[in-house]
Structure formats: C-alpha cells, structure tokens
Amino acid sequence: MRNAGISCLYNHFNEKENLNNILRREQKQICCYCQQRIEHYQGINLTGSHNEHFFPETHFEKKQLDNDNIFACCNRTKGYEKRFQYCGEYKADNIIEVNLLLDEECSRYFKYNVNGEILPNSSIYNSYDEFIQHRELLTSDQSKALSMIEGLNLNEKDLKFRRKNIISDLFESAKFLSTHKIQHKILVLHNEQERYIEFVDLVIYYLHIILNLKNKNNS
C-alpha cells in the first residue's frame, strides 16, 4: 500500500469500530493488558475499549496499521489522574521495548502473589518492590516482564484489589471442589472459544496452585 501511494495512517482508516469488533472477538472480550471485560468500542469507560497501538502511532508511523501492533484495550481509566491510570491510558505515547503479547505463551513470563500483584516469573522475589529493587539482577525475560508491568501500571491499586478478591474467592470455593473438578475447570478455561472470564490467567495460575496443594494433602 505504501509503495502504491495509498495512505497507511491510522487516522485515515475508516473502519475503526469494525476493527475493534474483530479484535475483541480475537481476545475473547477481555482487555489485552489487564484482562478485564470489554464489550464495545468506545462508549462508557467501564466496559468500553479502544484500538491500542503497542508501539505508539506518534513514534512508529509504519506500524500504524500492522496487525501485530493493534489490540483492543480497556477505557476504564480514561480521564483519571495519572497515578490511577493503567493499560493504554497510562502508557500513552511511551515506548515499551518488547511486546510480550505476541508470544503465544505470554502468561509464562508472569506470576501473581496473594496481594494481587502481577510480577515477573521468578522464584526468588515475591513482591513488586523486590523486583524494582533488584532489577539489575533479573534475567532478560524477567526484565521484559517488569518493563510491561511498569509501563502499563499493572499494579495500580484498584487492579491489585480486584485480583486479591478473586484469589480469595478461588481459595474459598476450592474447599468444596475435588481435584478432578479443578482440573476440569482449568481445561475449560484454556479451551474457551468465545468469552474469557476476567483475569483469566490469574484464575488459571491460582487453580494450578490450589490443585497442587490438594494433591499434596491427599498424598
């Protein structure tokens, strides 16, 4: 298209809403970053979304319409004070060097703690502050994960609160579930075709932890 003299600027693209519909279907109706529910294009902030350029339009003109650079992202914190923003609203035109969303196993770069924090996947440190304090000791993969978490403010207070409540509910409900039912839940979540539950990776992560605990107790 560029060689033909046709503009590839996103601002000249007239199918933004249709594109968003496609992206939301591909992402199974959750935000590409925080994994909260998105149900429509723009509209109310709570479940609205926008077409997010991971590498910002202002800095990467040639990537403005690249499939690998556009995602459906929540609008939840649009207009909020900066420290309360997260996802694309917080990132704005800043650059995160590596896009882990393109990895089919993106979740392997991350873990969670019981306080609702999302963290780089490491057995050494167990809090966000610890990772920040020891960033020079992190592996390449851990550094990439930390850059995503920082650049998107994914440990914003409200996000941590929501995750912490989900973790608490999972442990409470798991008291009444057999290991077979937990395994089945994990399988169903992995194979969902249309609509993920919110914070799906967090739920799968803790279901595995709960399953391991039950197996140890039963052995």
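The values are calculated or read from the model by the stated rules, or taken from the named source; none is laboratory data. Since the structure is predicted, the reported quantities are computational estimates derived from the model, not experimental observations. A quick note on method: Cβ atoms are made from the backbone with ideal geometry, for glycine too, and the neighbour counts reach across all protein chains shown. Only protein heavy atoms, including side chains, enter the accessible area calculation; ligands, DNA and RNA are left aside. Shrake-Rupley method; radii C 1.70, N 1.55, O 1.52, S 1.80 Å.
Kindly establish whether K91 is out of contact with any His (no Cβ under 7 Å at 6 or more places or on another chain), open to solvent by 80 Å² or more (accessible area, probe 1.4 Å), at pLDDT 95 or above and not polar (S, T, N, Q). Show your work before the answer.
Working: out of contact with any His (no Cβ under 7 Å at 6 or more places or on another chain): yes; open to solvent by 80 Å² or more (accessible area, probe 1.4 Å): no; at pLDDT 95 or above: yes; not polar (S, T, N, Q): yes.
Judged against the criteria, K91 is not a match.
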Practice task
Mind listing whichever residues of segment 68-111 are on the phi > 0 side of the Ramachandran plot and assigned to a loop (DSSP other than H, G, I, E, B)?
Solution key: G79, A92
Exercise for the section: State whether the residues of segment 59-70 include one that is open to solvent by 80 Å² or more (accessible area, probe 1.4 Å), in contact with a helix residue (DSSP H, G or I) (Cβ under 7 Å, 6 or more places away or on another chain) and not aliphatic (A, V, I, L, M). Expected result: yes
Exercise for the section: Go through the residues of segment 17-27 one by one and say whether even a single one is in contact (Cβ under 8 Å) with a residue 12 or more places away in the chain, part of a loop (DSSP other than H, G, I, E, B) and either within 16 Å of L101 (Cβ to Cβ) or more than 18 Å from the chain's Cα centre (by Cα) (or both). Expected result: yes
Practice task
Report yes if some residue within segment 18-34 is in contact with a His (Cβ under 7 Å, 6 or more places away or on another chain) and open to solvent by less than 80 Å² (accessible area, probe 1.4 Å); otherwise report no.
Solution key: no
